[in-house]
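What follows is a single structure, written as structure tokens, with notes after it.
The values are calculated or read from the model by the stated rules, or taken from the named source; none is laboratory data. In this text, all values refer to a predicted model and were calculated from it rather than measured experimentally. As a convention, Cβ positions derive from the backbone with ideal geometry for all residues, glycine included, and neighbour counts pool all protein chains shown.
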Amino acid sequence: MWYSLQFKVMAVVGAILIASIALLLAFTAGTHERQLLRNTTLHTSRISDLAARSIQPEMVAHRATEIINILDGFVQEGELTTIRLFDKEGTIALSTTRSEINHRVDMTHEMCIKCHDDGQPHVQPPTLERGRIFRGTDGLRRLAVITPIYNAPPCYECHDQNQEVLGVLDAVSSLEGVDRAIQRVRSAAVMSGGLAILFAWLGVAFVLQRFVRRPVRRLLHGTVRVAEGDLDSQITVSGQDELAQLSAAFNAMTAKLKRAGDQHARWNQQLEDKVRIATSELETANERLREADRRRLEFIRTVVHHLRAPVAGMQSFLRLITSQVVGELTPKQQQQLDRADRKCGLLLATVNDLLDIAAVLEDRSPRVVESVDLAAVTAACVKQFAHLAEQKGLTLSLDVASPPIYVLATCRDLEFAVANLLSNAVHYTPHGSVRVAVGQQNGDAVLTVSDTGIGIPGSDLPHCFREFYRGENVTPYLYEGTGLGLSIVKNVVDKYGGKIDLESELGTGTTVTVSIPAKVT
């Protein structure tokens, strides 16, 4: 109920009605109250003026007793409760309340401030501004109106002609009757306003129930049936208003949905048939590709195995001849045979690298992996290259942040990758150092190999991971690589979902950073 549209609309309408009628009643009651107070102020002012004129002859004659009697007479008539006569100094000269006589009033008092707000008296203040409302000691409201007593020719004998105001008459009347009238008006306004709100609210509720809630419920039930799959559902249309038009549009939409659903089912069936055929063809093509890969790798292994033994034999025979065991050689013969020996060594290295690539590519997504300590594998590889680095006069260092650092891989693949990185760094660094670091960053095991070698030209960096690619600046060095090292590393890193980053500056050195997801412990 609390979340229904009818309740929300009725709540909003009720709030608007209450606010509107409350504002209207407040305005009406306020206007009536101000009018009553205005009339009472004017009436009291007229009585005060009459009293002032009545006592003026007695004031000229200095008959204080007669003045008091006149003022008491006005009070006894019941319309006033107190009348005071102030002199120009603010002292109560005469009063119907005898205890107030000779009391002095401060000019900052509320009864004086209206005429003395700027320090100088206002000689002729407006009538409505002469009144003030205050509460007496009994808690009832009272209205007091001041009437200035002006200087006149009969008074010139005792007062300076330049003095315009001789004193002030303060007439006080009770507002008890006015307050009762205001309370009656307020009570009647609240009652009539409440009844108006109630009847208006009931009328709105009836209209909502008859012309909004019922059609909306029919629409809601129809929508639920359509959501459940009943596209044959239709809503009864009655009338010609907006909700009736919405119901008709809903029926038309349901019919279109049914037609579209039938067509979609046909298309879906056709698509499933085509996908089934395409999947079968794709599986066949994938199987052919896998078979081609197997044959290619098998061919590489076969060729490599057939090449390794003859090449190794050739190299051994060449080294036997160059050792001059079988006879002395001329310098030119020695030079040519040494060159042939280097070429055999390069060919043998190429054969071994091809075997490594075949081993890596044989299973791109290995089903069997193990928890391998990258720090331990790196330390073992560094130890293997320590002697070669020492022969070249290089400083080979290893920094491990927090061993062990585990990754899910095979130990053989990691050894391939680390060994190739160290081989490149040591062979292409003529002097200086090779620094190796292993650590963790953002959930990855990170291996960094930095050298102070010959570096790589910027134009060659995008091609460094291609198989058999070698930069032109490496040709002057005696070491002739195969161009497969970084390709092997890239294949290993991709195999385990890692990434490799290469930074180099010609003549300064190269830094290779490998990141592989670390094992979550």
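Key figures
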quantity	calculated
Whichever residue in the range 401-443 is in contact (Cβ under 8 Å) with a residue 60 or more places away in the chain and on the phi > 0 side of the Ramachandran plot and, among such residues, is nearest to the chain's Cα centre (by Cα)	443
Only listed residue being surrounded by fewer than 16 Cβ atoms within 10 Å (Cβ to Cβ) and either closer than 15 Å to residue 449 by Cβ or assigned by the TED database to the domain that holds residue 436 (or both), chosen from 388, 374	388
Every pair of residues 6+ apart whose Cβ atoms lie under 6 Å, when the first sits in the range 175-195 and is at pLDDT 80 or above and charged (D, E, K, R) while the second is surrounded by 14 or more Cβ atoms within 10 Å (Cβ to Cβ) and in a helix (DSSP H, G or I)	186/29
Matching residues, the range 197-243, being exposed (fewer than 15 other Cβ atoms within 10 Å of the Cβ), small (Gly, Ala, Ser) and under 18 Å from residue 18 (Cα atoms)	203
Every residue from the range 169-200 that is within 30 Å of residue 72 (Cα to Cα) and in a helix (DSSP H, G or I)	176, 177, 178, 179, 180, 181, 182
Every residue from the range 415-453 that is surrounded by 17 or more Cβ atoms within 10 Å (Cβ to Cβ), in a loop (DSSP other than H, G, I, E, B) and at pLDDT 90 or above	429, 452, 453
Total residues in the range 264-275, condition within 46 Å of the chain's Cα centre (by Cα) and more than 16 Å from residue 229 (Cβ to Cβ)	8
Only listed residue being under 22 Å from residue 10 (Cβ atoms), touching a residue at least 40 places away in the same chain (Cβ under 8 Å) and outside the structural domain of residue 9 (by the TED database), chosen from 208, 246, 220	208
Pairs where the first residue, in the range 378-400, is without any contact (Cβ under 8 Å) to a residue 24 or more places away in the chain and the second is not polar (S, T, N, Q), C-beta under 7 Å, 6+ apart	379/398; 386/396
Restricting the range 444-463 to residues that are in contact (Cβ under 8 Å) with a residue 12 or more places away in the chain and more than 17 Å from residue 500 (Cβ to Cβ), the residue that is nearest to the chain's Cα centre (by Cα)	458
Subset of the range 462-486 that is modelled with pLDDT of 80 or more and outside any loop (DSSP other than H, G, I, E, B) - its residue that is surrounded by the fewest Cβ atoms within 10 Å (Cβ to Cβ)	462
Test: residue 89 is under 16 Å from residue 168 (Cβ atoms), out of contact with any Leu (no Cβ under 8 Å at 6 or more places or on another chain) and part of a loop (DSSP other than H, G, I, E, B)	yes
Residue check, residue 13 in contact (Cβ under 8 Å) with a residue 24 or more places away in the chain and farther than 30 Å from residue 102 by Cα	yes
Scan of the range 250-270 for residues that are loosely packed, with under 11 Cβ neighbours inside 10 Å and closer than 17 Å to residue 218 by Cα, ordered by number	252
